[in-house]
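Accompanying notes for the structure given below.
The values are calculated or read from the model by the stated rules, or taken from the named source; none is laboratory data. No experiment lies behind these values; they were computed from the predicted model shown. Please note: Cβ atoms are built from the backbone with ideal geometry, for glycine as well, and neighbour counts cover all protein chains shown. Each accessible area value is taken on the protein alone, full model and side chains, heavy atoms only, with ligands, DNA and RNA left out. Shrake-Rupley method; radii C 1.70, N 1.55, O 1.52, S 1.80 Å.
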Amino acid sequence: MANPFQQRSRQRKLAYGVLILLLFTGSLLHRRFVLEPRAEALQLRETSRGEVELTGSALRLLLTGSRGLATTVLWDSANKMMMKHQWNELELVVKSITKLQPYFITPWMFQSWNLAFNVSVECDRPRDKYYYVSRGVELLAEGERRNQGSSGADAFNIDNKKPRFPGHPDMRHFIGFMYQLKIGNSDEKATMRCLLDLSLIDPVKRDPKLFLTVNERGQQDVKRDEFAAFCKDNPRLVRRLRDFLGFDTPLKVVKFLADSKAVPSRYEDPKAGQTETPLRAPHAQFPVLPPPLEESWPDVAKRELTRETTDVFLVARTWYQYAQQPLPPVDRDPGMLEKEYDKQRFRNVKQMASQIFRGYPSRAQIYIAENLQAEGWFDDEGWAIPDWFSNSRNPDAELLVGEDLKYHSGLAWRRGYDMYKQYGLDTGLYLTPDELLRLNRKAQLFRDFVKVSGGEVGQLRSDQNKGEMAESFLAHTKLYWNMSYRSMTNFDAHFDQSRGEMNPVAVHAHKLLYQADRYRKSLERVDQAINSYDEAWPLWIQACLETSRFSLVSNVQEDAYELLVQHMRLVQNQNRKSFQKVFKGMAQFGVWPHVSFDDFNLLTPEQNNKIMPVRTVRGILDDVQFYDGPDAEKLKEILQAVTYAPIHASTLGAFGFCFPVALVPHPAQRHFLLSRSVLYGTPVPANWRPLVSNDNIMQVRERLGLK
Amino acid sequence: MIFATLVLEREPLQTAEFLAALIVWVQNVGGVASLALAIWAIAILLQRMKVSVPLFSDRTEKVLPTSDLFVYGSLFCFVGYLAILFLSIAAGSSAGLTRFVPRLSFDQPLSIGDYVMTVCGAVALLIALYPIVTGLFGKLRWGRIEAMARLSFKEAVRSRVVLIFSAMALVFLFVDWFVQHKPEDQIRNYVRVVYWTMTPLFIITALMLGSFIIPNDVKNMSIHTIVTKPVEKFEIVLGRFLGYGLLLTLGVAGVALVSLGFILRTNVTDEAAKESYKARVALFGDLAFAGTKSTQKGESVGREWEYRSYISGPTVNVPERQFAIWSFGDLPSSLGRGVETLRFEYTFDIFRLSKGEEGKDIACTFTLAEGHLDGREVAKVKEAFKQESDAQEAEIRAAHSKNLGAAASADETAKAVEALQAKLKEARAALVQKHRFVELAGQPVTDNHTQSLEVPAVFFTALMEKTEARTAPNGKYYPQLRVYVSVDRTNSGESQMLGVARRDLYLIAAELPFWQNFLKGIVGMWCSVMLVLGIAVSCSTYLSGLISLFLTAMIYGLGQTTEYLQQVADKKVEGGGPLEGFTRLAGRKMLAVQLEDSPATSLIKGGDEFFSWIVRRLLNLVPDVARFDLHQYVANGFDISWGQVLFMDNLIPLVGYLLPWAILSYYLMKYREIANPS
């Protein structure tokens, strides 16, 4: 039996034990039922901010209070390594910095930019550049994941009322922007895009060993069947390599595949004997993509990433779309009144006006369409690869690839148009003609009262701002800001261009112009080039007249006019001697007596050479003018009705003798109504416009040194 | 770097510089000793004490007639240093006094100040060492030291310190998750990660072990069980150091072997194998320039890091070439024997002045000639070589044209062409041997990549055969070989700049296995661990464990920042010293803005001058720990030489730095009151 002291001690211990147990249980319950829900509600938990990384958290705990010091030292080291070009070490340091500061956005943004831009530019080989661009993008994507916002099934559902930690629109946007600038638009864009294509192809399917063989002469050769299958699967890559990068034999293409074998990829490193390489985890793939929140977005979990054609701008577009998720609900009356939004659930963009920011997905879609056309993809007719697949039995054999609809640029333009229209409707930049008319009518009262035009702000005293006048003032202000934001975002130009370009006539004209340009550059098929140009211009003019606002877009005018100048020069070069004779004849004809320049050797050889080419030559686009006054479309309808009425009557038999069937106009002729072809320099009547404005003509001529 | 090049901003200590380094060491260590002795001597004089010194093989200390010499000698040393200090400060305003100031670099001749400081330092060291040498002579027993070492080892093992080493396993397990790499950087990154992890792991272990054990012995009074035995106190220090040193050595060796296994088991990519999975025994030359503004430096392209100088190619406006010239002093006599060609490797930086052509390298010409020839003579040799080469080629082709014409079948033609090629090659080799001249034009240079060129071995054998003395009339010693590199003219007339540094071009004398080099690199790491252990044990002889730990960590930390400290000492930091920096901050003055001339500015600048002087002195006491980091060699595939790098640049500085700490720990332990008889 224990003595009283021992008993008391035991009782005390027991009491302490019970107390500890009670307190511990109490704190546990308090944490579970009070603290955690509140933390959840206030978005204070680390998991609310995005993916949590165990090693980073452990490291931060280990450093206790010296995290700031460690980060500073590492940051300084990173700067020094950057200066000394120690790039592989820089990467390791940058990783450490971001592990220490995962919720501070600047290190992610700055260091990823450093890798993708500053480091990549120091490398000469596109492969090296591509590697560092990929590292920069992956780093920022990792940062985005750490700051992705609330996770969970309905994290991205903005309609539910649950609180959520918003992701960072700027980070997401910048990832897309990196793809766009460094792969889509860089100096070495053709190679960079090819490397991106390789990143998307299963390494087993692009293994050079798959294609190489030795021919009967003991030389290295390419297996035609395997290579044909590769071309079929990757027509854009092959065409880019052949047409733009000079890989003009299959062997050269395979060599490119061999040299670029180790590009960052979507797939694991291939192992011997595999017929299909497994995909990496979504976050470890390159190109890195956001989670597929919409059906139309590329799905990183699937081997077939997307049903669209793979393109760097598709990747950029997806990131731009993903960047829209954390934004507050869209304001249809921009500039009118700053609307409050729930800052716990949404985050606004910091780096640019939200109207511009919201336009990026549609802009990227336009780039996809432009890119397709720039690489020669217009419709579903595909590309016939010449030479490579010919043999002695069939010397003209060609392999047709890329007949899929996903290579149809017209469809890409249509999607761009739809996206622009939706963007315009969402942001209030696009007002339907009826809405525009209604608002203008309503605003007229105010404008007359304060004597301002539509482009001026105007103010009302508070005692005047009521009733009908207040409504008129609101309509005027809405129109004013609408115009202002449309100008800021260049909405009209993009919208009108996409509307015009999706026209099949414009697509076909582009195709002919592209072919003409290729023929012109090849220097061997000049006649075909001239024919293609000749065929293209009427179609182009038709496309412009069909959508008159399309033809008003200045870069559309400039691009077309530049091609026209090249066409004219080609024609002159091709018919140099004939033109020289004509010009000399005309000069001879201008003087009396008509002395022959050649017989009397009046011109030195240098002077003879200088006759051609004529610099101030004008072409078909210089001559076209069209009516762009008020109600132009209605006038066309009336004119068309006037023309068609007798024809319809003739079909009834009344004037059948006057209008034989051969004279029935094609419906497309309607677009040529209220247009005319006159000599360049003919004064433009009021409400009429030239197809290409004089300013744009001068711009192009100056650019080409013809001014 | 992303290419296999060795970037050393500080050259390893050369054998020829050993004496100069020793002088500096004597000056620095002697300076510290003289300061301590001066304090001691002043105390002796003030207290009118008699100095007793120990005698050899005698436990008692006796007052000798010469003892006063120690006191006055100490004061003499201190006065010597003090005089040099005042002269150094005065030399700032009077140029005539510069010869009394110690030289700033090894290139300069020894000054009067150097002699004075060396003598004073040597005397101070002798005075400081005398009691140790005489006091310990014949008294130190290896058996006791060994027992102490064994005890330390056992204590450390029992305290499960070795478990810390297993933390490396985490790296091996998870490194692949975090370390992504370009194919060519694979080995480089693994080596980097292993070194980055191992170094702090062992440094921290050494720091903890060295700092706490003696203070803990004192605290637990276990030291009394030792010092009451007939044992020298210094034996405790030595025993502890050796015991822990042995433990750490075994730890470093064990972890290094496992790390090596980890690297070797990886599937090394072809690119990485080519760049760094080897140990090149490379011969480096000295770099000079021709055609640029200075023979010591090329052009600057405005890069912040001025490690590389640039040469440009000829242009329409400036048709003259600029040259980067590597001079190779003494080549090994065996070079070129038994092989057909020898390989030079080069890794240059390209600074583009225009975009150039995508995916196209720039072309350079490499000219190899005898070292005693100057530029004009090389041009003459080149001309003669070309003429003879053209004539010979024409002759050979003419002679073989008949055979070629007579060939009836493809096989015969191929044979004839082969014979022609062989003959041409033979003739060319003979010419190379005759003129001792090789020119390789149009060699491609890719930015940031290692490339190589093969040079016929006959060229080197011809160089070796030349027995004439390589001494010029003025006594200058000619190099054996010079390699001239210049950028070729492009068809478009564009010019690009080629960035070169001394170690960017090298001759491969041999290639050794990677594993061997990896382990050599670990020796450097071991040196830094021993350095930390030595400092920590020395500090702990007097200070408490925690203070020892912080002090050692601070000294090591300062050692890591010597580059920056050097900039502060040389007043090269942007924005001036601390006072100027503070003034700028307070006055919101940008770095580009000059401070106004005023008495206050003079005062501020004077204060900063004094601060930089303090830092200069501090630099002499701080260990240059960067020299022990040999990962650059391993990661980039360059052999670490036993003599030059490991012995001269690692082991000797380690001993040199730890010796003064050992002296200090002797005195601190000796005069520490632990069970002292009195």
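Some values worked out for this structure:
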read-out	value
Total charge dipole magnitude, the range A:241-382, about the Cα centre, Cβ charges on Lys, Arg, Asp, Glu only, Debye to nearest 20	640
Radius 14 Å from Cβ of B:Phe153, net charge of other residues (Lys, Arg +1; Asp, Glu -1)	+3
Residue-wise HN-Hα coupling along the range A:52-66, computed from phi with Karplus coefficients 6.51, -1.76, 1.60 (Hz; x: Gly, Pro)	9, 10, 5, 5, x, 5, 4, 4, 5, 5, 5, 6, 6, x, 9
Solvent-accessible area of A:Asp418 with every protein chain in place, 1.4 Å probe, in Å² to the nearest 10	80
Overall Cα dimensions of the range A:433-480 - principal axes, largest extent first, Å	32, 20, 15
Under 5 Å, built H, 5+ apart or other chain: amide partners of B:Thr341	B:Ala457
The range A:212-339: proportion of alpha-carbon pairs further apart than 26 angstrom, %	43
Phi to ³J(HN,Hα) by Karplus 6.51 cos²θ - 1.76 cosθ + 1.60 over the range A:107-115, Hz, x for Gly, Pro	x, 4, 5, 5, 6, 5, 4, 4, 5
Accessible-area ranking of B:Ser354, B:Ser152, largest first, probe 1.4 Å	B:Ser354, B:Ser152
Partnerless Cys - chain B, beta-carbon criterion under 4.7 Å	B:Cys364, B:Cys527, B:Cys539
Chain B: C-alpha gyration tensor shape, a/c 1.5 cut-off, then a/b vs b/c	prolate
Inter-label distance for A:Ala258 and A:Arg38, nm, one decimal - labels placed 7 Å from Cα along Cα-to-Cβ	6.9
Solvent-accessible surface (1.4 angstrom probe) belonging to A:Trp113, in square angstrom, nearest 10	90
Selected from A:Tyr417, A:Leu439, A:Thr427, residue furthest toward positive end of dipole (the range A:385-441; charges at beta carbon)	A:Leu439
Cα pair count fraction exceeding 62 Å, expressed as % - the protein assembly as shown	35
Solvent-accessible area lost in complex, 20 Å² minimum, residues of the range B:420-462 relative to chain alone, 1.4 Å	B:Thr446, B:Asp447, B:Asn448, B:His449
Buried accessible area, chains A and B (both chains, 1.4 Å probe, Å² to nearest 100)	2600
Point-charge dipole on Cβ atoms (K/R +1, D/E -1) for the protein assembly as shown, about Cα centre, debye to 20	4320
Sites B:Glu383 and B:Ser334 - FRET efficiency at Förster radius 30 Å, r taken between beta-carbons, to 0.05	0.40
Helical mean residue ellipticity (222 nm; -39500 (n - 2.57) per DSSP H run of 4+; nearest 500) of the protein assembly as shown	-17500 deg cm²/dmol
Distance (nanometres) between label positions extended 7 Å along Cα→Cβ at A:Ser484 and A:Ser453	1.7
Built amide H within the under 5 Å cut-off of A:Val401, gap 5+	A:Trp383, A:Ala384, A:Ile385
The range B:378-384 - phi-based ³J(HN,Hα) in whole Hz, Karplus 6.51/-1.76/1.60, Gly and Pro as x	5, 4, 5, 4, 4, 5, 4
The range A:599-633 residues near the modelled A:Tyr680 label - backbone nitrogen below 18 Å, point 7 Å along Cα→Cβ	A:611-626
Restricting the range B:327-391 to trypsin sites (Lys or Arg not before Pro) in coil, as DSSP defines it, with at most 13 other Cβ within 10 Å	B:Arg337, B:Lys355, B:Lys360
Chain A - percent relative contact order, Cα under 8 Å, separation 6 or more	8
Dipole in debye (nearest 20) - chain B, about Cα centre, beta carbon charges: Lys, Arg +1; Asp, Glu -1	2140
R0 of 25 Å, Cβ-Cβ distance B:Leu373-B:Glu320: FRET efficiency to nearest 0.05	0.85
Reach of B:Lys293 by Cα under 18 Å, taken over aspartates and glutamates that are not fewer than 8 positions away in the same chain	B:Glu306, B:Glu320, B:Asp374
Å² per residue, accessible surface of the range A:567-625 at 1.4 Å	70
Anchor A:Lys707: lysines whose Cα lies under 26 Å away (excluding residues fewer than 8 positions away in-chain)	A:Lys521, A:Lys577, A:Lys581, A:Lys584, A:Lys610
Listing of the range A:109-145 residues, each with accessible area lower by at least 40 Å² in the full protein assembly than in the chain alone (probe 1.4 Å)	A:Glu122, A:Asp124, A:Arg125, A:Asp128, A:Tyr131
Global form of the range B:114-221, assessed from the alpha-carbon gyration tensor, a/c cut-off 1.5	oblate
Where the range A:230-306 is the region considered: accessible area per residue in Å², 1.4 Å probe	47
Apportionment of accessible area to carbon and sulfur, the protein assembly as shown, percent (1.4 Å)	59
For chain A: rounded, prolate or oblate by the Cα gyration tensor [a/c cutoff 1.5]	oblate
Most positive-pole-ward Cα, B:Leu603, B:Pro660, B:Ile555, against dipole of the range B:544-673 from beta carbon charges	B:Leu603
Residue-averaged beta-carbon neighbours from other chains (10 angstrom radius) around A:77-87	4
Cβ-Cβ FRET estimate between A:Glu468 and A:Arg703, R0 fixed at 56 Å, reported to 0.05	0.60
For the range A:304-455: span of alpha carbons on each principal axis (Å, largest first)	84, 42, 21
Which of A:Asp496, A:Asp124 is most accessible, then next, and so on - probe 1.4 Å	A:Asp124, A:Asp496
Surface per residue (accessible, 1.4 Å probe) for chain B, Å²	50
Separation of the B:Ala363 and B:Lys274 label points, Cα + 7 Å toward Cβ, nm	2.2
